[in-house]
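A short write-up of the structure that comes next.
Read the figures in this text as sums done on the coordinates, not as results from a lab. Model, not experiment: these values are computed from the prediction. Note: ideal-geometry Cβ built from the backbone for every residue, glycine included; neighbour counts use all protein chains shown.
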Amino acid sequence: MGRLKVGVVGLGTMGSQVLWQLSKRGVDATGFETYFPGHSRGAAGGETRLFRNIELEDLRYAPIVARASEIWDDLQGVSGRELRVISGALVMGSPAHTQMQTALVAAHQSGKPYEVLDRAELRARHPQFEVDPGDIAIWDRTGGSIRPELTVATAADLAEQNGATINRGSKVREINETHGGVTVVTDAGRFDFDRVVVAAGGWINQLLPRFESLITVRRLISAWYFGRDAEYLKTVVPFIRTAPTYCYGLPVPDRTAMKLGVGYEDHLPADRPDEVERIARPDELAPFERVIARYMPGLNPYPMRTETYIETYTPDRHEWIGEHPDMGNVVVLAGFSGHGFKMSPAIGEIGAELAIDGKTGLDIDFLNHEGEL
Ligand SMILES: Cc1cc2nc3c(=O)[nH]c(=O)nc-3n(C[C@H](O)[C@H](O)[C@H](O)COP(=O)(O)OP(=O)(O)OC[C@H]3O[C@@H](n4cnc5c(N)ncnc54)[C@H](O)[C@@H]3O)c2cc1C
């Protein structure tokens, strides 16, 4: 029997990691990408993503994040590139909300260094942030930020160096299960594989309409703001606020500006990601203005840049990681619901293991959506 042939459809955040993991395991791996690995039309744009060790919603993600953290180090070591910058990160919010209560348990269980700061301590150490009365902050000392486009491009480069084939500018039109295998159809022809992993992000429902009832696609706005004076952002760190005042922010590398993001409800549906508006309309910036007025009043409220990116959500915000319901040789990775980037190296490992062995060492049973399609 020859080498196992695995196709990977979509070389964005998850697909590039899957391809790298497959290539390390000696599989005959081939990737297909409509654009090119590292493009910014999908979920992986805007130069930064938050990395935090502290889970806000479901403690069962903790082992996946911990495994991802190990692979981030590996990916950086092998590539010689700084992909994750450990600056520390703040989780702020009201201890009356379940998300902050979960965060406190997660911080304790993580085994990573952390501190709980009251409002006075937070203001003394991180004067850029205003908080609401009674708020606390968790200082996640080994949190920080990730470089999304560079990470995707790097994982794909490493896969190629290991012998994987990458088809750039190659949109997959159809995926069909055949007797004992899977056929992938592009404009260049048909390609036969033993198994296929689909990581098509916001294009999933166009490629696999079976997922329409589970996955919704949204266009998320990122907006960048300068400080009102030269000093304001000099020592600022990445942050996230827990519900019900959810928002987050990440400084640009030279700390002259802060990128802000707001919650799910403030983003429009985007069923056809290739056709969405790529900058924000002025009326869409009101939630950002509220965040600035309330929590970062030292920011100039007029953005110097806005961009939009595409993310997929499931109703319970747990992703689909597993077999396609009708095609046993197709593994689908979808619905990362706004929190996928920090986990992506571990998701790549899980995707590769599922494609090769049909099982993985990490617990993903809690992500089971069987019966929902
Ligand atoms: C603005 C924003 C901020 C975020 N902030 C954070 C954060 O701070 N921390 C965090 O952990 N997570 C964050 N996330 C979530 C994280 O970025 C996503 O969960 C993750 O990037 C999703 O990856 P993906 O592989 O599903 O999609 P993508 O990265 O979009 O990859 C899908 C790829 O498939 C390709 N493709 C699609 N269809 C086809 C086809 N038919 N043929 C060939 N190729 C195809 C696309 O071109 C694309 O490259 C954020 C997301 C957004 C949008």
For this session: Working from Cα positions, state the angle (0 to 90°, nearest 10) between the long axis of helix 13-24 and the longest principal axis of the chain.
Result: 50
Exercise. Over the Cα atoms of segment 39-123, what is the Rg over Rh ratio if Rh follows Kirkwood?
Worked result: 1.01
For this session: Please give the length that would be gained between residue 85 and residue 98 if that part of the chain were fully extended, namely 0.36 nm times their separation in residues minus their C-alpha to C-alpha distance (nm, one decimal).
Result: 1.8 nm
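Under 13 Å from the Cβ of residue 233, count the other residues' Cβ atoms, weight Lys and Arg +1, Asp and Glu -1, and hand me the total.
For residues surrounding residue 233, the net value is +1.
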Exercise. Which of the aspartates and glutamates could a cross-linker span from residue 359 if the Cα-Cα distance has to be under 14 Å and same-chain partners fewer than 8 positions apart are dropped?
Worked result: 323, 349
For this session: Kindly express, to the nearest 10 degrees and within the range 0 to 90, the angle between helix 344-357's C-alpha long axis and the longest C-alpha principal axis of the chain.
Result: 20
For this session: Provide the three semi-axes, in whole Å and in decreasing order, of the ellipsoid equivalent to segment 1-158 as defined by the square roots of 5 times the Cα gyration tensor eigenvalues.
Result: 36, 16, 14
Seminar exercise, completed: With label points set 7 Å from each Cα along the Cα-to-Cβ direction at residue 362 and residue 190, the distance between them in nm comes to 3.6
Problem set entry | Candidate aspartates and glutamates for bridging to residue 234, where Cα separation is under 17 Å - those fewer than 8 sequence places away on the same chain excluded | 130, 254
Exercise. Local charge sum around residue 112 (other residues, Cβ-Cβ under 12 Å, Lys/Arg +1, Asp/Glu -1)?
Worked result: -1
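Can you give the Rg to Rh ratio for segment 276-373, taking only C-alpha atoms and Rh from Kirkwood?
Values: Rg = 18.8 Å, Rh = 16.5 Å.
Ratio value, two decimals: 1.14.
Percent antiparallel among DSSP beta bridges with both residues in the chain, to the nearest 5?
On the way: 53 of 71 bridges.
The answer is about 75 percent antiparallel.
Does segment 110-262 come out rounded, prolate or oblate, given a ≥ b ≥ c as the square roots of the eigenvalues of its C-alpha gyration tensor, rounded meaning a/c under 1.5 and, failing that, prolate meaning a/b above b/c?
Values: a/c = 2.69, a/b = 2.34, b/c = 1.15.
It comes out prolate by the Cα gyration axes.
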Problem set entry | Contact order normalised by residue count of the chain, Cα under 8 Å, 6+ apart, percent | 24
Seminar exercise, completed: Summing +1 per Lys or Arg and -1 per Asp or Glu among the other residues with Cβ less than 13 Å from residue 245's Cβ gives -2
Exercise. Taking Cα centroids, how far is segment 259-297 from segment 70-132 in Å?
Worked result: 24
Seminar exercise, completed: Descending packing, highest mean Cβ count within 10 Å first, for 102-113, 344-355 is 344-355, 102-113
Problem set entry | For the chain, alpha-carbon Rg and Dmax in angstrom | 20.5, 66
Problem set entry | Nearest-ten-degree value, helix 148-161 long axis tilted from longest Cα axis of the chain | 30
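Name the GluC sites (Glu not before Pro) in segment 74-155 that are in a loop by DSSP and that have at most 11 other C-beta atoms within 10 Å, would you?
Here the sparse-neighbourhood loop sites are 82.
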